[in-house]
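Participant: My structure is below; once you've seen it, I'll send some questions.
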Amino acid sequence: MHGPTLTIGHRTPEGELAHTSEVPQFGLGTFLMKESGLCRQACLWALEAGYRHIDTAKVYENEVEVGEALAECGIERSEVFVTTKLRSLDATSYDAVLEHCQASLERLGLEQIDLYLVHAPPPDIDCRAEVWRGMEACLENGWTKAIGVSNYGRHHLDALMQTARYGPSVNQVEIHPWLQRPDLIAATLEVGAVPMAYSPLARGHKVEDPQLAEIAGAIGCTPAQAALKWCMDRGYITIPKSSNEQRIAENLAALDLDIEDQRDALDVLEENYISGWDPTTEP
Ligand SMILES: NC(=O)c1ccc[n+]([C@@H]2O[C@H](COP(=O)([O-])OP(=O)(O)OC[C@H]3O[C@@H](n4cnc5c(N)ncnc54)[C@H](OP(=O)(O)O)[C@@H]3O)[C@@H](O)[C@H]2O)c1
């Protein structure tokens, strides 16, 4: 295994941290890997290189290939951490959550997911508490080791905590040097969750940014590596996507960098740049 692990858990109304587990802080994202064989191959390259965390979702339509790679890679199941997500359109009721969690387990070919996330705040506000109750049932049933949310804004987190028996262990949101979201990070930490940075390369939109190139030159690394190490050093779970064998290895090698001298230069790249969608601002 390459890289640090973080402890995640679920804040109870009594203020305790329940159902704790260890998550490899660095992982492989698998969005836009629908083409047959692509995700399986990328996961196999990543696992061979030393990745021990794969982030998938029902909507990525590649859970089956993630499962195939896990079965083929020759690494013990307990050594690899798998995150998957409940599609927000499926987040309609308590029963629907249980049904879709089981369906993900089946597609992955696993007995237990490591981290199951609500992909985005369910569109129907009135069913959000019930959906979270379903997630808690998945946790208590042992179908997943941890539960969390994705794309939740402060107001979504606050509402969830009103009725939660277990708070979310992570909040997966877009974060990178160009979108640092201090208030959302604070809100995430306040409910006992760890921030999980998706699109840490701003979907590749910023890897040719001249300012980033200058910073990377000063560190002696590639632009992507500088951005990834910034996320890691902030303590966020970081899940860059690549389906290219060299870039998969390049991204992992970012973990060995020392970016201390360029940290201030990276910090000032902030420009509130959203590379994808932003459900955190929805009602
Ligand atoms: N919860 C959510 O709503 C949500 C939303 C978005 C993403 N995610 C998760 O987060 C993961 C990462 O986010 P993302 O896929 O949106 O974007 P990303 O990781 O920020 O960027 C991926 C893009 O950067 C390119 N790239 C990767 N490594 C590179 C390198 N070293 N140098 C230059 N280009 C490089 C990739 O191309 P190649 O593949 O050709 O290398 C791809 O085009 C996703 O895959 C998914 O698992 C979650």
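Participant: Within segment 175-190, count every residue that is closer than 16 Å to ALA159 by Cβ and either touching a Ser or Thr at 6+ places or on another chain (Cβ under 7 Å) or touching a residue at least 40 places away in the same chain (Cβ under 8 Å) (or both).
Facilitator: 1
Participant: Assuming ARG40 fulfils every condition listed in (1) within 12 Å of the ligand (Cβ to nearest atom); (2) in contact with an Asp or Glu (Cβ under 6 Å, 6 or more places away or on another chain); (3) not aromatic (Phe, Trp, Tyr) apart from one, which condition is it?
Facilitator: Condition not satisfied by ARG40: (1).
Participant: Further question: Output the number of the condition that TYR51 fails; it satisfies all remaining conditions of (1) more than 17 Å from the chain's Cα centre (by Cα); (2) not in a helix (DSSP H, G or I).
Facilitator: TYR51 satisfies all of (1) more than 17 Å from the chain's Cα centre (by Cα); (2) not in a helix (DSSP H, G or I) except (1).
Participant: Sticking with this structure for a sec: Go through segment 64-91 and give me each residue that's acidic (Asp, Glu), under 26 Å from PRO4 (Cβ atoms) and free of Cβ contacts under 8 Å to residues at least 60 places away in the same chain.
Facilitator: Result: GLU76, single match.
Participant: For TRP132, only one of the following conditions fails: (1) under 27 Å from ASN62 (Cβ atoms); (2) within 16 Å of the ligand (Cβ to nearest atom); (3) surrounded by 24 or more Cβ atoms within 10 Å (Cβ to Cβ). What is its number?
Facilitator: TRP132 satisfies all of (1) under 27 Å from ASN62 (Cβ atoms); (2) within 16 Å of the ligand (Cβ to nearest atom); (3) surrounded by 24 or more Cβ atoms within 10 Å (Cβ to Cβ) except (2).
Participant: For segment 202-270, give me every one of the helices (runs of 4 or more DSSP H) that falls completely inside it and has 1 or more residues that are within 27 Å of THR188 (Cβ to Cβ) and basic (Lys, Arg).
Facilitator: Answer list for segment 202-270: 223-233, 263-267.
Participant: Write out, first by first residue and then by second, each pair whose Cβ atoms fall under 6 Å of each other, whose residues are 6+ apart or on separate chains, and whose first residue, in segment 157-170, is at positive phi and part of a loop (DSSP other than H, G, I, E, B) while the second is crowded, with 21+ Cβ neighbours inside 10 Å and small (Gly, Ala, Ser).
Facilitator: Pairs that qualify, where the first residue is at positive phi and part of a loop (DSSP other than H, G, I, E, B) and the partner is crowded, with 21+ Cβ neighbours inside 10 Å and small (Gly, Ala, Ser): there are none.
One line per residue, one yes/no per condition, for (1) at pLDDT below 95; (2) in contact with a Lys or Arg (Cβ under 8 Å, 6 or more places away or on another chain); (3) of a type in the set (Gly, Ala, Ser); (4) not in a strand (DSSP E or B):
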| position | (1), (2), (3), (4) |
| --- | --- |
| THR7 | no, no, no, no |
| HIS19 | no, yes, no, no |
| LEU32 | no, yes, no, yes |
| LEU47 | no, no, no, yes |
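Participant: Considering only segment 59-75, I want to know if a residue exists there that is in contact with a helix residue (DSSP H, G or I) (Cβ under 7 Å, 6 or more places away or on another chain), under 30 Å from ASP158 (Cβ atoms) and either of a type outside the set (D, E, K, R) or not in a helix (DSSP H, G or I) (or both).
Facilitator: No.
Participant: Give me the pairs, please: first residue somewhere in segment 270-283 and within 11 Å of the ligand (Cβ to nearest atom), second residue anywhere and modelled with pLDDT of 95 or more and among the polar types (S, T, N, Q), beta-carbon distance under 8 Å, and either six or more positions apart or on two chains.
Facilitator: SER275/SER199; GLY276/SER199; TRP277/ASN151; ASP278/ASN151; PRO279/ASN151; THR280/ASN151
The values are calculated or read from the model by the stated rules, or taken from the named source; none is laboratory data. Everything quoted here is computed from the prediction, not taken from an experiment. Cβ sites come from the backbone with ideal geometry, for glycine too, and all protein chains shown count toward neighbours.
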